[in-house]
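Novice: Structure in structure tokens, see below.
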Amino acid sequence: MAAIAKATNATLNLSSKTAVVSGGTQGIGAATAIRFAQLGASVLIVGRSKERGEQVVSQCARANSKGSHGFVQADLSLVTGIRAAAQEIETRAGSAGVDFLVQTQGGPPNGRQSLTKEGNEFHFTVQCLSRFGLPYLLAKAGKLNSSVVCVGAPGSGVRDFDGDDIQRKKAGGNLIGSGNRDSVLLDVITEEGSNQYPSLAWFHVFPGFVLTDALSNQGFPMPIVQLAKLLRPILSRTVASTPEYFSDVPVYLAASEQAREGPRYLNNRLKELKLNPWVESPENRRIVWKQLQDLIGS
């Protein structure tokens, strides 16, 4: 992690600010929520598990007893769940709105496909559509004041993308193909979001290797999950970091004025990554943005 994030955050006073962290019940999201609270912010955590969510709220309250912290229970695999979450955030935020939105929900694709009861592909809805829907609905309602940070793999190295099959219903389940799709769509959301709502700072940051339970949460085969657990001690001493160590990065991007002057696509060391070539086309972005709007509803 770039030392500048930790050093800059140490100077921040976020006591008048409100942060929303989606996917905030565990892993990177939980650590980021707690880091916001430590710096004085009030925090709203969005997630599926009420038990885990309330545990993180309690940790935020211990870190910052003066803040107003809460949990928004939501099923982000459904459009109705995404819209309900956005509405509850609006209600809780009141006329002041929320300042920062950090999105960590979802995770790597497992290569399988399944449809929700609404007919959308499950992983696509959580990983991509909800990451479009929450900032879009909040910004459209005038309830998002400052920044949007998407934690996931940017699409700089992806060369093949089908903008007419963003749910990959035709292409079918494929771990690499779905992962590439996720990366490009999150680039589209970040780039076009910054064009549609230029008063907000938009970032897409790659966390690198962070020691979380993402593989088991995403339903990877047990041998892969067990292998990852066996390798944790080695990874922690070499290429991997903990959620707590990484959490300063999304907080820095969301809340620091210095970050606004820097790049929009970054790795975990805050080094600039290139925008995916397909996403550079305004027409390509327009086509995908319209599909996402149609799916989430106006």
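The values are calculated or read from the model by the stated rules, or taken from the named source; none is laboratory data. Everything quoted here is computed from the prediction, not taken from an experiment. Glycine gets a Cβ as well: all are built from the backbone with ideal geometry, and neighbour counts include every protein chain shown. Only protein heavy atoms, including side chains, enter the accessible area calculation; ligands, DNA and RNA are left aside. Shrake-Rupley method; radii C 1.70, N 1.55, O 1.52, S 1.80 Å.
Novice: With +1 on each Lys and Arg Cβ and -1 on each Asp and Glu Cβ, and nothing else charged, work out how big the dipole of the chain is about its Cα centre, in Debye to the nearest 20. Show your work: numbers first, answer last.
Specialist: Numbers: 31 positive and 25 negative charges, 109 e Å.
Value, rounded to 20: 520 debye.
Novice: Only loop residues by DSSP count here, and only those with at most 12 other Cβ atoms within 10 Å; note down the GluC sites (Glu not before Pro) in region 235-298 that meet that. If you can, show how the numbers build up before the last one.
Specialist: Numbers: sites: 244, 257, 261, 272, 280, 283; in loops: 261.
When the GluC sites (Glu not before Pro) of region 235-298 are filtered for loop state and at most 12 Cβ neighbours within 10 Å, 261 remain.
Novice: Classify region 1-44: rounded, prolate or oblate, from the alpha-carbon gyration tensor (a ≥ b ≥ c, eigenvalue square roots; a/c under 1.5 rounded; otherwise prolate if a/b is larger than b/c)? Don't skip to the answer; put the middle values down first.
Specialist: On the way: a/c = 2.83, a/b = 1.21, b/c = 2.34.
It is oblate, given that a/c is not under 1.5 and a/b is not larger than b/c.
Novice: Percent antiparallel among DSSP beta bridges with both residues in the chain, to the nearest 5? If you can, show how the numbers build up before the last one.
Specialist: Numbers: 2 of 28 bridges.
Bridges in the chain are about 5 percent antiparallel.
Novice: Over region 144-192, one equal point on each Cα, no solvent: what is log10 I(q)/I(0) by the Debye formula at q = 0.19, 0.20, 0.24 Å⁻¹?
Specialist: With one equal scatterer per Cα and no solvent, log10 I(q)/I(0) is -0.63, -0.68, -0.89.
Novice: What accessible area, in Å² to the nearest ten, does a 1.4 Å probe give for residue 162?
Specialist: Residue 162 exposes around 80 Å² with every protein chain in place.
Novice: With volume of the Cα convex hull per residue in Å³ as the read-out, I listed (1) 149; (2) 182; (3) 124; which label goes with the value calculated from this structure?
Specialist: Answer label, from the structure shown: (3).
Novice: While we're on this one: Express the accessible area of the chain per residue in Å², computed with a 1.4 Å probe while the remaining protein chains stay in the model.
Specialist: Working: 13330 Å² over 298 residues.
Ligands and nucleic acids excluded, the result is 45 Å² per residue.
Novice: Computing the accessible area with a 1.4 Å probe over protein heavy atoms, can you report the carbon and sulfur percentage for the chain?
Specialist: With neighbouring chains kept in place, the figure for the chain is 50 percent.
Novice: Which distance in Å, rounded to a whole number, links the C-alpha centroids of region 167-211 and region 23-101?
Specialist: First find each Cα centre; the distance between them is then 22 Å.
Novice: A further question on this structure: May I ask you to evaluate 6.51 cos²θ - 1.76 cosθ + 1.60, the Karplus curve with θ = phi - 60°, for each residue of region 255-269 and list the ³J(HN,Hα) values in order in whole Hz, giving x for glycine and proline?
Specialist: 10, 8, 5, 4, 5, 4, 8, x, x, 9, 10, 9, 9, 5, 9
Novice: Where the only charges are on Cβ atoms (+1 Lys, Arg; -1 Asp, Glu), what is the dipole of region 76-135 about its Cα centre, to the nearest 20 debye? Let's see the in-between values first.
Specialist: Working: 5 positive and 5 negative charges, 32 e Å.
That gives a dipole near 160 debye.
Novice: From Cα pairs below 8 angstrom and at least 6 apart in sequence, can you work out the relative contact order of the chain, rounded to a whole percent?
Specialist: Details: 566 pairs, mean separation 62.4, N = 298.
21 percent.
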